[in-house]
1. Out of the residues in region 109-123 that are surrounded by 13 or more Cβ atoms within 10 Å (Cβ to Cβ) and not in a strand (DSSP E or B), state the one that is nearest to the chain's Cα centre (by Cα).
2. Conditions first: (1) near the ligand (Cβ under 6 Å from one of its atoms); (2) without any contact (Cβ under 8 Å) to a residue 60 or more places away in the chain. R38 passes all but one, so which condition is the exception?
3. Scanning for something among the acidic types (D, E) and over 22 Å from the mean Cα position of the chain (by Cα), does region 276-283 turn up at least one residue?
4. Assuming V148 fulfils every condition listed in (1) of a type in the set (A, V, I, L, M, F, W, C); (2) free of Cβ contacts under 8 Å to residues at least 40 places away in the same chain; (3) closer than 23 Å to G239 by Cβ apart from one, which condition is it?
5. Out of the residues in region 39-93 that are under 30 Å from Q114 (Cβ atoms), at pLDDT below 95 and charged (D, E, K, R), state the one that is surrounded by the most Cβ atoms within 10 Å (Cβ to Cβ).
6. Among what's in region 234-275 and is under 18 Å from the mean Cα position of the chain (by Cα) and closer than 21 Å to L99 by Cβ, pick the residue that is surrounded by the most Cβ atoms within 10 Å (Cβ to Cβ).
Amino acid sequence: MNHPVEVASVRKDPDIIIIGGGPAGLHMIFQAGMHGMRSLLVDALPQAGGQLSALYPEKYIYDIPGIPQILAQDLVRQLQIQAEVFEPDYHWGEQVSRLEFRDDNWTVGTQTRQWQARAVVLAGGIGAFAPKKPRCTALEQFETRGEVLYHPQSVRDWQDRRVLIQGAGPQAVEAAIIAARHGACEVNLVHRKDAFEPAPGQTESFQNLRQSGRIRVHVPYTVSALQGEPALASAVLKGYGTADRQVETDLFLPLLGYGAALGPIKEWDLSLKQGGIPVQPDSMESPKPRLFVIGDLASYPGKNKLILTAFSEAAIAARQAFNYIYPGKRIPTAYSSNLGPLSLDITRPGE
Ligand SMILES: Cc1cc2nc3c(=O)[nH]c(=O)nc-3n(C[C@H](O)[C@H](O)[C@H](O)COP(=O)(O)OP(=O)(O)OC[C@H]3O[C@@H](n4cnc5c(N)ncnc54)[C@H](O)[C@@H]3O)c2cc1C
């Protein structure tokens, strides 16, 4: 018999606020949804996936049950597609700095806003990801003018501009290719050594654009100073064993990857020890009321920091959260196969 799941799409307020959009947080949305609970998810990264998208998007993962191999970034996409059925409210690119329990509710706050819910799931992994910043004079001055971007979003960002990119990873190479093909009037790519790592399928495009001079490569260099008054006009490239250079630019994209820091989580009085918060493994509860911790951040005897562990922990936390949020109500269903067809006829997030 099918029990149609009660998706809380008509309710405005979330039942659960999830801090962290890595695999643990993304699967938490699905597990909460299976119990008819609506989730709001906040992550410091501008996109979903946590470590998978920030540290190893192009690596294959081989230990997801039933999926012999999958690219990390494809697993993230599948998790989002699966969660989308339950209409999560996503807030990307926002770091949670405040977590307070008041009047029987949790308040979760960023620098600019706050939300309330009966339960919070902390899926913060190894901490909030932020772009690595280059050591470069006058960086902040041009950041505030919007002439330094860490997450270029659209072609409009570099249209008719002289773009300077620092980095060698897939993100930097891809940005150089897109800027060269779509509207930038000049593209300079800087790195300490000639060791660029295009994403699979982009090697030939990169080589062609480099050979034709559409992408001008500067190795071995690093960007040491930005100049211009008031607008960004040029950058000094410091050479390693070679003379410094100057290039004209009006947009600097330092694409050096991401670093993670536990940051505010350390201030929340959660007995954090060696990067882990102690929880009850049969409920994933922290000592604080209705505050659950799942994924890499959760600590208990025998803990295995793996994606599949995080998935199971999300299911355990969802059951317990339901009991607290809807005391006395029967848990809707244990098996997804009993739910009847969930509408999976949906477009991918971002399409
Ligand atoms: C190179 C590499 C390869 C790996 N390969 C495998 C593998 O093959 N199989 C496997 O099972 N595991 C693998 N892992 C481990 C796996 O990636 C982790 O176990 C998994 O990512 C943990 O998921 P999570 O959701 O708990 O945390 P994370 O993936 O770390 O996500 C946490 C998210 O929380 C956000 N966050 C933290 N604090 C805040 C805050 N205050 N405000 C807003 N957002 C915040 C972060 O920005 C981040 O996006 C690998 C890890 C690495 C580094």
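The values are calculated or read from the model by the stated rules, or taken from the named source; none is laboratory data. A quick note: this is a predicted structure, and the numbers were derived from the prediction, not measured. Methodologically, a virtual Cβ is constructed for each residue, glycine included, from the backbone with ideal geometry; neighbour enumeration extends over all protein chains shown.
1. Across region 109-123, the extreme among qualifying residues is A123.
2. (1)
3. At the first step, the residues of region 276-283 found to be among the acidic types (D, E) are 282.
Of the ones still in play, those that are also over 22 Å from the mean Cα position of the chain (by Cα) are 282.
Yes.
4. That leaves (2) as the condition not met.
5. Taking the candidates together, the pick is E84.
6. The selected residue is I265.
Yes/no per residue for (1) in a helix (DSSP H, G or I); (2) of a type in the set (D, E, K, R); (3) buried (at least 16 other Cβ atoms within 10 Å of the Cβ):
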{"site": "F101", "(1), (2), (3)": "no, no, no"}
{"site": "T107", "(1), (2), (3)": "no, no, yes"}
{"site": "G146", "(1), (2), (3)": "no, no, no"}
{"site": "V173", "(1), (2), (3)": "yes, no, yes"}
{"site": "I177", "(1), (2), (3)": "yes, no, yes"}
{"site": "A180", "(1), (2), (3)": "yes, no, yes"}
{"site": "L189", "(1), (2), (3)": "no, no, yes"}
{"site": "R192", "(1), (2), (3)": "no, yes, no"}
{"site": "G201", "(1), (2), (3)": "no, no, no"}
